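Student: The structure follows.
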Amino acid sequence: MKIAIVGAGPSGLFLAKLLRRQSERFEIDVFEQNAADATYGFGIGLLGSSLKFLKAADEALYEDVLKISSKGDTMMVAHKGEQVVIGVDESVGIERIRLLNLLQDHCRPLGINMTFEHRIENIDTFKEDYDLVVGADGVNSVVRNAYSDKFQSKVTPQKNKFAWYATEKVFDHMSLIFEQTEYGMMIAHAYAYRQDRGGFVVECDPETWDRAGFPDMSNGETREFCEEIFSDYLDGHPLMSGELTWFTPNIVRTPNWHFENVVLIGDALRTVHPSIGSGTRVGMRDADILSRAFEEHRDDLDAVLATYKKNRLAGSDFFQKAAVQSIAWYESIDSKLHFDPVTFAFSYMSRTGAIDYERLRKTDMDFVRAFEAAPSPISIQG
Amino acid sequence: MTQIKVAIIYHSGLGHTAYQAKAVRDGAQSVECSEATLIFAGDAMDRRAELHASDAMIFGCPTYMGSASAGFKEFMDATSRIWLAQGWRNKVAGAFTNSGNQSGDKLSTLYQLMTFAMQHGMVWAGLDLPGGNNSTRGGTEDLNRLGSWVGAMAQSNTDQGIDGIEESDLRTAYRLGARVAQVAVALNSANTLDHKRSLPF
């Protein structure tokens, strides 16, 4: 069976490895528009619990992923200049390029062909030449867009603006910094993905973005401006930017996951959101479930693709719903600014309606005590 | 007047009911000569000395599947020896609950908690607020907008965290806390009921 995987991100490479490991009857070609050592974004965060499926699916990869990860089990929410540290379940940070290189290293010895710097011009030829075409090419998927009438995806731009930076400041905790400025609320999501490096994502709503004058700033000016806003937290470390400064995330929803011999996985299929940090995990889980469907139905492609969707739909919807709720929390931040820092942090923790109160009492009883002790906001207002 | 003690025993699955419990606590605390403490249902039997020493208890939990959450029911069942000895007889009791649905059959839970208190020989204090949101001039911001008198109800959206609870429901919870504490203060000053007993367990 000849399979073309479009996109050499974590989902595409993981699928290639799982299938080829399953059987050599799969001849797999992976095509990537970027160079092998180029990547978008600096680092990714994964919840420790999300690695469980990885361990079950591919123990060797799991062990190697752990080797290149920085682990943490605390998060910090800063509001009104006060830092609230919360004990949470373990999470890991990984430098994205190292994860991709690792996946490439796992694919190469299996005889998977990986072609980089290759932009797909005519997807129809692919569809004819291969038994299966997998669109694993991210949020702006060429495969999805080429067959938009079949997939019927809906792309909804989000409200808030994001700027992606890296910094040498090492954050001890997965950090969320809410800084009230004269222009409006500026938010930073900071996390370590290497011992000496972390991601630093700046977020604000479009009104704040306008008032701060970002539209007229160069990339350098924007970076300096953000360094200044968050100087209390950066300890003099500069921000480092990639090619792209501001972007507005899109939410992609797709009703039809496959047609004939074309299927979508990962962000190409549906996006989650940087604020719940699950995109990589969700995409790799897609690959895992698609690969299992092949194990079950062999070369009966219709059955494989139907089983993939049937077994993945609930999990997929769960994460997308959490993402949408998380976005709504950030976009309605103004209604929560009067909260004291502890209540504010609790509100953040509970934002997707998925916080487990009893679990939180186990991971950080001090935080729960502080939450219990803080007066209800209605009592303060009288 | 002597100080009275109010224990708020609560369970919470996703944090919303904990948030409601805090408003109940603040209401009970607002009454003169009243001291209120939050106790998580899972810890309550380990802190039974505080329960025995209390003048009033307010029970609260989410309504799941039309009844008290399992975490709270566990606490209820664990009190059977106290019940046999009628150890909490004549203490004042009240209750609150929260659910995602507007009704969610929350009244079942309040009845369940009231029955529990009655079995313990406690004195029930309900909610003394007129119903809200029941006329053309009403709205969701009204106190007691879900219209219950057995206890305080709250509704919290299923796609939001603690900020998904209507502020009016928190104010209603606050009033329940104050009401239970006031009844406890009044009974205590009348000094006719013996409600604090020393128990061998």
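Any read-out appearing in this document is the output of simple, stated calculations on the displayed coordinates, not a laboratory observation. Not measured: the values here are computed from a predicted model. We place every Cβ from the backbone using ideal geometry, glycine too, and count neighbours over all the protein chains shown.
Student: What is the helix-to-structure angle for B:167-190, meaning the angle in degrees between its Cα long axis and the longest Cα principal axis of chain B, kept from 0 to 90 and rounded to the nearest 10?
Tutor: The helix B:167-190 is inclined about 20 degrees to chain B.
Student: Okay, moving on. Counting only helical runs of four or more DSSP H residues, what would the 222 nm mean residue ellipticity of the protein assembly as shown come to if each run contributes -39,500 (n - 2.57) and the total is spread over all its residues? Intermediate values should be presented prior to the final figure.
Tutor: Working: 23 runs with 233 residues, N = 583.
Calculated from helices alone, the mean residue ellipticity at 222 nm is -12000 deg cm²/dmol.
Student: For the protein assembly as shown, give the magnitude of the charge dipole about the Cα centre (Cβ charges: +1 Lys/Arg, -1 Asp/Glu; no others), in debye to the nearest 20.
Tutor: Numbers: 58 positive and 77 negative charges, 455 e Å.
Once rounded to the nearest 20, the dipole reads 2180 debye.
Student: Compute the separation of the alpha-carbon centres of segment A:213-231 and segment B:85-100 and state it in Å as a whole number.
Tutor: Segment A:213-231 and segment B:85-100 have Cα centres separated by 57 Å.
Student: What list of ³J(HN,Hα) values in whole Hz, one per residue of segment A:140-147 in order, does the Karplus curve 6.51 cos²θ - 1.76 cosθ + 1.60 (θ = phi - 60°) give from phi, with Gly and Pro shown as x?
Tutor: Going residue by residue, I get 9, 2, 5, 4, 4, 5, 5, 10 Hz, with x marking Gly and Pro.
Student: How much length is gained if the chain between A:A314 and A:N122 is pulled fully straight, taking 0.36 nm per residue apart and subtracting their Cα-Cα distance, in nm to one decimal? Could the numbers behind the result be given before it?
Tutor: Numbers: separation 192, 0.36 × 192 = 69.12 nm, distance 3.30 nm.
Contour length minus Cα-Cα distance gives 65.8 nm.
Student: Now for a separate question. Per 10 Å bin, what is the whole-percent P(r) computed from every C-alpha pair distance within the protein assembly as shown?
Tutor: Going from the shortest bin to the longest, the percentages are 3, 16, 22, 20, 17, 12, 7, 2, 0, 0.
Student: Could you check the simple spin-label distance between B:D43 and A:D232, using points 7 Å along Cα→Cβ, in nm with one decimal?
Tutor: Once both label points are built, they end up 3.0 nm from each other.
Student: Sticking with this structure for a sec: Given B:A95, B:G71, B:G121, which one lies farthest toward the positive end of the charge dipole of segment B:67-165, if we put +1 on the Cβ of every Lys and Arg and -1 on the Cβ of every Asp and Glu?
Tutor: Comparing the listed Cα positions along the dipole, B:G121 ranks first.
Student: Using a Gaussian network model of chain B whose springs link C-alpha atoms within less than 10 Å, name the residue from B:N133, B:N98, B:N188 with the highest mean-square fluctuation.
Tutor: Top of the fluctuation ranking is B:N133.
Student: Select from segment A:36-141 those GluC sites (Glu not before Pro) which occupy a DSSP coil region and have at most 13 other Cβ atoms within 10 Å, ordered by residue number. Can you show the working numbers first?
Tutor: Working: sites: A:E59, A:E63, A:E82, A:E90, A:E95, A:E117, A:E121, A:E128; in loops: A:E117, A:E121.
Answer by residue number: A:E117, A:E121.
Student: Distance cut-off 27 Å, Cα to Cα: go down the list A:K52/A:K169; A:K17/A:K127; A:K17/A:K321 and report the pairs above it.
Tutor: Pairs exceeding the cut-off: A:K52/A:K169; A:K17/A:K321.
Student: Give, as ranges by residue number, the residues of segment A:276-312 whose backbone N falls under 15 Å from the point 7 Å along Cα→Cβ of A:E260.
Tutor: A:302
Student: How much net charge surrounds B:A28 when only other residues with a Cβ under 12 Å from its Cβ are counted (Lys, Arg +1; Asp, Glu -1)?
Tutor: Values: positive: B:K5, B:K22, B:R25, B:R175, B:R179; negative: B:D26, B:E32, B:E35, B:D55.
Taking every other residue near B:A28 into account, the sum is +1.
Student: Within the set of other residues whose C-beta is less than 9 Å from the C-beta of A:K161, count the net charge using Lys and Arg as +1 and Asp and Glu as -1. All intermediate terms of the calculation are to be shown ahead of the outcome.
Tutor: Numbers: positive: A:K159; negative: A:E203, A:D205.
Spelling it out: positives minus negatives among the neighbours equals -1.
Student: Continuing with this model, one more query. Between A:K362 and A:A35, what FRET efficiency comes out of the Förster formula 1/(1 + (r/R0)^6) with R0 = 51 Å and r the beta carbon distance, rounded to 0.05? Don't jump to the answer; show the numbers that get you there.
Tutor: Details: r = 45 Å, r/R0 = 0.89.
Efficiency, rounded to the nearest 0.05: 0.65.
Student: Evaluate the distance, in nm, between pseudo-label points positioned 7 Å from the Cα of A:K80 and of B:T136 along their respective Cα→Cβ axes.
Tutor: 4.3 nm
Student: Follow-up. Within segment B:97-120, which residues have the backbone N less than 18 Å from the label spot 7 Å out from B:R81 along Cα→beta-carbon, could you tell me?
Tutor: B:120
Student: In what sequence do A:D205, B:D159, A:D366 fall when counting other Cβ within 10 Å, fewest first?
Tutor: Ordered by Cβ neighbours within 10 Å, fewest first: A:D366, B:D159, A:D205.
Student: Answer with one residue from A:A314, A:L46, B:L110: the one whose Cα lies farthest towards the positive end of the charge dipole of the protein assembly as shown, charges on Cβ with Lys, Arg +1 and Asp, Glu -1.
Tutor: B:L110
Student: Which loop trypsin sites (Lys or Arg not before Pro) in segment A:1-102, with loop taken from DSSP, have no more than 14 other Cβ atoms within 10 angstrom of their Cβ? List each step's numbers first, then the result.
Tutor: Details: sites: A:K2, A:K17, A:R20, A:R21, A:R25, A:K52, A:K55, A:K67, A:K71, A:K80, A:R96, A:R98; in loops: A:R25, A:K80.
Answer in residue order: A:R25, A:K80.
Student: Next question. Going toward the positive end of the dipole of segment B:4-190, with +1 on Lys and Arg Cβ and -1 on Asp and Glu Cβ, which of B:Q20, B:N134, B:S34 do you reach last?
Tutor: Going by the Cα projections, it comes out as B:S34.
Student: Turning to a different aspect of this structure: Looking at the protein assembly as shown only, what percent of DSSP beta bridges run antiparallel? Nearest 5 please.
Tutor: On the way: 51 of 95 bridges.
Approximately 55 percent, going by the DSSP bridge assignments.
Student: What angle do you read, to the nearest 10 degrees and between 0 and 90, between the alpha-carbon axis of helix A:10-22 and the longest principal axis of chain A?
Tutor: Approximately 40 degrees, to the nearest ten.
Student: Using the alpha-carbon atoms, what tilt in degrees (0 to 90, nearest 10) does helix A:219-229 show relative to the longest principal axis of chain A?
Tutor: 40 degrees
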